Amino acid sequence: MRGSILVLSGPSGAGKSTLIKEMVKDIGPYYFSISTTTRSPRAGEEDGVDYFFVDKATFQQDIAEELFLEYALVHGNYYGTSLRAVEEALAEGKLVIFDIDVQGHASIKSRLPDITTSVFITPPSFVALKERLTNRGTDSQEIIDKRLVSAEEELGEIDSFDFVIVNDDLQKAIKEIKAAALTAKLKKCPASLDALKTLWKGI
């Protein structure tokens, strides 16, 4: 049985990383898709752990060779998902988890709709998001302003997602994201269902 996909999107500062760390403790075998990006590492980020950091020439060459499941240009930097690693994880029956923007979600949903479940994660309000971005102290005011503009644009795509989690109460949000992950694991592509039918009949 092939695995399935869980796409998590939402504005920077919504708390996705915290929720993901809690979610993966209880969902069984999974593969967290590490994106490739052309932006510079932030303090504390590691190559191959947080992202694969490459230059623009390398990224554009990979685009030409069709090595990405999806990619996007965001705030002047490329972000993309390796197709090979995802296919290997799916073949092993794992839940493949993506933390990507709404453009990436649209690309994956259009290419692999039968096995994709998507969740939009958001703070309770614009004011709450602004406070979180300011208080974490990792970005300049210019970057924060860009992120807030992007957040409003992303919110316009919220109805294209299967589920929405308002991350106001952390413990409640953790329970909800675990439920979404378990739901995602139940999705199977037609080929997997055909294989199950064959096995069930003992053919």
Item to check | [x] 0.94; [y] 1.20; [z] 1.06, with the label sought being that of the calculated Cα Rg over 2.2 N^0.38 Å | outcome: [z]
Checklist entry - What's the angle, to the nearest 10 degrees (0 to 90), between helix 126-136's Cα axis and the longest principal axis of the chain? => result 80
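Restricting to bridges with both residues inside the chain, how much of the DSSP beta-bridge set is antiparallel, in percent to the nearest 5? Intermediate values should be presented prior to the final figure.
Numbers: 8 of 28 bridges.
Looking only at bridges with both residues in the chain, the antiparallel portion is about 30 percent.
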Item to check | Low-density loop positions, GluC sites (Glu not before Pro), the range 62-96 - DSSP coil, at most 10 other Cβ in 10 Å | outcome: Glu65, Glu66
Checklist entry - Which aspartates and glutamates have a Cα lying under 16 Å from the Cα of Lys146, excluding residues fewer than 8 positions away in the same chain? => result Asp101, Glu131, Glu154
Checklist entry - Ignoring the sites themselves, what is the longest stretch of the chain with no trypsin sites (Lys or Arg not before Pro) in a DSSP loop and at most 16 other beta-carbon atoms within 10 Å? => result 43-203
Next on the checklist: Using only Cα atoms and rounding to the nearest 10 degrees, what angle (0 to 90) does helix 102-111 make with the longest principal axis of the chain?
Outcome noted: 20
Checklist entry - With axes computed from alpha carbons, what is the tilt in degrees of helix 141-155 against the longest principal axis of the chain, rounded to the nearest 10 within 0 to 90? => result 40
Checklist entry - Given +1 on the Cβ of Lys and Arg, -1 on the Cβ of Asp and Glu, and no further charges, what dipole in debye does the range 64-167 carry about its Cα centre, rounded to the nearest 20? => result 280
Item to check | Under 16 Å from the Cα of Lys175 - aspartates and glutamates, other chains or at least 8 residues apart | outcome: Glu22, Asp26
Next on the checklist: Projecting each Cα onto the charge dipole of the range 1-79 (Lys/Arg +1, Asp/Glu -1 at the beta carbon, about the Cα centre), which of Ile5, Val54, Gly76 comes out farthest on the positive side?
Outcome noted: Ile5
Item to check | Dipole in debye (nearest 20) - the chain, about Cα centre, beta carbon charges: Lys, Arg +1; Asp, Glu -1 | outcome: 780
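FYI, it's all coordinate maths here, none of it is from the lab. None of the values given here were measured: they were computed from a predicted structure. Here Cβ is always computed from backbone atoms with ideal geometry, including for glycine, and neighbour counts include all displayed protein chains.
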